[in-house]
Amino acid sequence: MSERLVSVAVPLPVQDAFTYRVGVELPTPAAGCRVLVPFGAQRVVGMCLGPAAADDVPPKLKSVMEVVDEQPLVARPLLDLAAWLAEHYLAPPGECYRLIAPPAGGRRGAALADVDAGFRVDRVARLLDATVATRGAAQREALARLEAAGGRARVADLARDRPAIRGALEALATRGAVALEDERAVRTPASLPALPERERPALTGEQSAALAALHSAQDAGGFRPFLLHGVTGSGKTEVYLRGVERALELGRGALLLVPEIALTPLLVRAAQARFGDLVAVQHSELSAGERHDQWWRIREGAARVVVGARSAVFAPVRELGLVVVDEEHEAAYKQEESPRYHGRDVAVMRARLEGAVALLGSATPALESWHNALLGKYERLSLRRRIGSFGLPRVEIVDRREAMRGGDNPILTMPLREALQARLDRGEQSLLLLNRRGWATSLLCRECGEPLGCPRCSVALTLHERGALARCHYCGHDVRAPDACAACKGVYLRLTGFGTERVTEAVQAALPKARVGRLDRDTAQRRGAVAKLLHDFEQGALDILVGTQMLAKGHDFPRVTLVGVVDADVGLGLPDFRAAERTFELLTQVAGRAGRAELAGEVILQSHRPDHYALRLACDQDYEAFWERESEFRRTMGWPPFASLVNVVVRSRDPEAGRREAGALAEALRVAAQRRFRVLGPGAAPLARIKDEHRFQVVLRGPRKAMREALRSALVKRHGPVRWPGIVVDVDALSVL
Ligand code: ADP
Ligand code: ZN
């Protein structure tokens, strides 16, 4: 008998799938079934990828120990998606397959005993008629065992010590003595309830036009990607919801991805109001048990609409018909740990593999997406007008240099203070953005000029709690602010720069009657804190909300008529090729929070660089003009979207070893490049040290496929296929910082 070999992805950071033998006592696991396998000294639950080729089989091949699922747990499109992920991002396959498997809840590489029985898809035998005549000893034994087990048992249990029982049960099933069932599959999916007839707004002309195109693609079936460019407050959400409705009418499911679920309570509520129990919301605050139940509810078809952040793109929605990516430009869609995927790009690939429609929406599309639309890869839909009667808000730029020369308050200039006061008098609300948290940016020694730095990272510490506490935003290191400079022992220390904590205090001082809240990573730490803040603000329990970019995320507060930006230049100074794009996005988005309903909106930007094009064009909310200007720069310099970017970072406690490794890689890549792509570096990374690890960087720019292949072979040549210690590969890196 020829050997049965299967390929298995193990949930470990190894670069390849591995081949295992399947012993005669086990059924052949299909692709998408989990299997328990030995790996080194461990036992791990891996994902079977299907039969393995019989050539090149090492002599000492290990065997599968147990087949966990007798029926595939994961459908073909998701298996293909995981394979694509591993290939595209040069990521360990096991880590990619883990994303599509049911949530483990337990430890890494848990053994079978730790696998929750609820995760299994079991083949179960049920006794129908014990009087049917049996043929042969195995059949007799099979019936006897089944009776002894009370008339119902897992096939795997019945056949454990006697593989022939398996075939005997099959034969008995054809003769009506037993029934064989997939335990999970026997539960019938909830049938589609009639959609609740909730009040829905009458569509605007622009919404109708966009939906006509979307619906016709949905009706036709098959993959079609759309980019919905709609100015802030133009009613994109309604387009998403009607798209989901149509998917359900067509008997298909839908995915609705948002950058951060806690920041989009209104969208979640709208989806729940309209689709009721058909909605599953993937919160990061779900417990392991809830997560597990939800996964099964989705897989069984009881939940047909999934709303969640980037990892929801892997939810096992059946018959997926529509994938929506809201605020598709958001950096939050990029996962910054392995596998380093971009949720938007994965969403489009998933739609392709499922034969579904993809809908990416934004007021400020990523330049990559706009470029794809211009190339004809995405179809463009536009909403050019705001819903409310006042149109887009009026924007004024206050030159902070002049204000400060005139002795004005450096945090809140006179025009901003007056505007805030006017809102307070009228019972309206304001948002105040500063994209920098903490009290002060650094503690500077006046004698030697050195800022207080982190002992483990090459960055300055940020001051919190009125300057009493110094904290590293990279490693979390915390110290009481010292009285003397660590470098020169000087005692004249000065706080420089300011963050959201300080702004909150300044607002309180200037407007003692105002009720002020703060929204940033620090106040969001506590469970449920974000929901409470947003709720309080929505209910009018707060007048002013101060915060970081978390304020800019798609909120729809009808009583906000003023948006102030304390320092519009925060992101412009970064040595990042996306600095202008990020600034334009942030300012356009936050400005878009003002005047969204029946009250006119006003925006005040305080800036040292009032003439910068990112600011000017954000004032006009003119995305296309920004694209013209920015794409020129990107094209000339060879940055995305006109080239792909791969960032390779070598991390090492030993700086010499790190430098050597980065040097050798760069060398090998230069040889392989043959002018097809550019190799920059090696050099120290802009963050040269984090948590005592030194970081060296090699940046590749050019066509993705050639770079990826060269990098893969360089890494395999140096380290073999198993582990690449300390080497971070970021394909389609968002930045090289
Ligand atoms: P966007 O996501 O494009 O910024 P939203 O989807 O939040 O905008 O819509 C802005 C506001 O307009 C919301 O309060 C929404 O309820 C409302 N709205 C959307 N479509 C309509 C419509 N057709 N008629 C009336 N109001 C609408
Ligand atoms: Zn640190």
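The values are calculated or read from the model by the stated rules, or taken from the named source; none is laboratory data. Since the model is a prediction, treat every value here as computed from it, not as a measurement. Backbone-built Cβ (ideal geometry, glycine too); neighbour counts: all protein chains shown. Heads up: the accessible areas ignore ligands, DNA and RNA and are worked out on the full protein's heavy atoms, side chains in. Shrake-Rupley method; radii C 1.70, N 1.55, O 1.52, S 1.80 Å.
Taking the criterion of being at pLDDT below 95 and of a type in the set (A, V, I, L, M, F, W, C), no residue of segment 318-330 qualifies. Where the second residue is open to solvent by less than 10 Å² (accessible area, probe 1.4 Å) and near ligand 1 (Cβ under 8 Å from one of its atoms) and the first is not assigned by TED's automatic domain parsing to the domain that holds GLY253 and among the acidic types (Asp, Glu) and lies in segment 228-240, which pairs have Cβ atoms under 9 Å and are six or more apart or on separate chains? Pairs found: none. None of GLU418, GLU396, GLU379, GLU402 is of a type in the set (Asp, Glu) and either within 16 Å of ligand 1 (Cβ to nearest atom) or in contact with an Asp or Glu (Cβ under 8 Å, 6 or more places away or on another chain) (or both) except GLU396. The residues of segment 458-476 that are part of a loop (DSSP other than H, G, I, E, B) and open to solvent by less than 50 Å² (accessible area, probe 1.4 Å), listed by number, are VAL459, LEU461, ALA468, CYS472, CYS475, GLY476. Considering only segment 428-457, state which residues are farther than 30 Å from GLY601 by Cβ, open to solvent by less than 50 Å² (accessible area, probe 1.4 Å) and part of a strand (DSSP E or B). Listed by number, the residues that qualify are ALA440, SER442, LEU443, LEU444, CYS445, GLY453.
Just one of the listed residues (ASP622, ASP611, ASP654) is of a type in the set (D, E, K, R), within 25 Å of GLU337 (Cβ to Cβ) and open to solvent by 10 Å² or more (accessible area, probe 1.4 Å), namely ASP654. Where strands (runs of 3 or more DSSP E) fall entirely within segment 5-91, those with at least 1 residues that are in contact with a Phe, Trp or Tyr (Cβ under 6 Å, 6 or more places away or on another chain) are at 5-9, 34-39, 42-51. Filtered by the rule that a residue be in a loop (DSSP other than H, G, I, E, B) and open to solvent by less than 20 Å² (accessible area, probe 1.4 Å), segment 140-163 gives GLY151, ALA159. When TRP295 is tested against (1) modelled with pLDDT under 95; (2) open to solvent by 40 Å² or more (accessible area, probe 1.4 Å), just one condition goes unmet, and that condition is (2).
Among the residues of segment 380-393, how many are out of contact with any Lys or Arg (no Cβ under 7 Å at 6 or more places or on another chain) and modelled with pLDDT of 95 or more? Can you show your working first?
If we filter segment 380-393 for residues that are out of contact with any Lys or Arg (no Cβ under 7 Å at 6 or more places or on another chain), which is where we start, we get 380-382, 384-387, 389-391, 393.
Next, only the ones that are modelled with pLDDT of 95 or more stay: 380-382.
The qualifying residues number 3.
The single condition among (1) touching a Lys or Arg at 6+ places or on another chain (Cβ under 7 Å); (2) farther than 26 Å from PRO103 by Cβ that PRO13 does not satisfy is (2).
Counting only residues that are surrounded by 21 or more Cβ atoms within 10 Å (Cβ to Cβ) and among the aliphatic types (A, V, I, L, M), segment 2-18 holds 5 of them.
For the residues LEU669, LEU734, the requirement of being assigned to a loop (DSSP other than H, G, I, E, B) and buried (at least 18 other Cβ atoms within 10 Å of the Cβ) singles out LEU734. Taking the numbered list (1) in a strand (DSSP E or B); (2) more than 18 Å from GLU602 (Cβ to Cβ) in turn, ASN409 passes all entries but (1).
How about segment 236-269: which of its residues are small (Gly, Ala, Ser) and buried (at least 19 other Cβ atoms within 10 Å of the Cβ)?
Correct list: GLY243, ALA247, GLY253, ALA254, ALA262.
Identify the residue in segment 346-386 that is acidic (Asp, Glu) and surrounded by fewer than 24 Cβ atoms within 10 Å (Cβ to Cβ) and, among all such residues, is nearest to ligand 2 (Cβ to nearest atom). Let's see the steps before the verdict.
Kept after step one, since they are acidic (Asp, Glu), are these residues of segment 346-386: 354, 368, 379.
Now restrict to residues that are surrounded by fewer than 24 Cβ atoms within 10 Å (Cβ to Cβ): 368, 379.
Details: GLU368: 32, GLU379: 46 Å.
Top of the filtered list is GLU368.
Determine whether ARG502 is without any contact (Cβ under 8 Å) to a residue 60 or more places away in the chain and away from ligand 1 (no atom under 16 Å from the Cβ). So ARG502 fails the test.
Using the structure shown, decide if GLY720 is more than 16 Å from ligand 2 (Cβ to nearest atom) and surrounded by fewer than 18 Cβ atoms within 10 Å (Cβ to Cβ). When the stated conditions are applied, GLY720 passes them. Of all residues in segment 372-386, those that are more than 19 Å from VAL325 (Cβ to Cβ) have Cβ atoms under 8 Å from Cβ atoms of residues that are open to solvent by 30 Å² or more (accessible area, probe 1.4 Å), 6 or more apart or on another chain, in ARG384/GLU206; ARG385/THR204; ARG385/GLU206; ARG386/LEU392; ARG386/ARG596.
Restricting attention to segment 19-38, which residues are within 24 Å of TRP84 (Cβ to Cβ) and surrounded by fewer than 21 Cβ atoms within 10 Å (Cβ to Cβ)?
Taking segment 19-38 and keeping what is within 24 Å of TRP84 (Cβ to Cβ), we get 19-20, 29-35, 37.
Hits for segment 19-38 are THR19, ALA30, ALA31.
In segment 283-290, the condition of being open to solvent by less than 30 Å² (accessible area, probe 1.4 Å) and not assigned by TED's automatic domain parsing to the domain that holds GLU538 is met by no residue.
Does PHE557 satisfy the criteria of being within 16 Å of ligand 1 (Cβ to nearest atom), crowded, with 21+ Cβ neighbours inside 10 Å and touching a residue at least 60 places away in the same chain (Cβ under 8 Å)? No; evaluated as a whole, the condition is false for this residue.
Counting only helices (runs of 4 or more DSSP H) wholly contained in segment 191-303, the ones carrying 3 or more residues that are within 16 Å of ligand 1 (Cβ to nearest atom) occupy 205-220, 236-249, 265-275.
Only one residue in CYS472, CYS454 is of a type outside the set (Val, Ile, Thr), within 16 Å of ligand 2 (Cβ to nearest atom), in contact with a Lys or Arg (Cβ under 8 Å, 6 or more places away or on another chain) and without any contact (Cβ under 8 Å) to a residue 40 or more places away in the chain, so which one is that?
None of the other options fit; the residue is CYS472.
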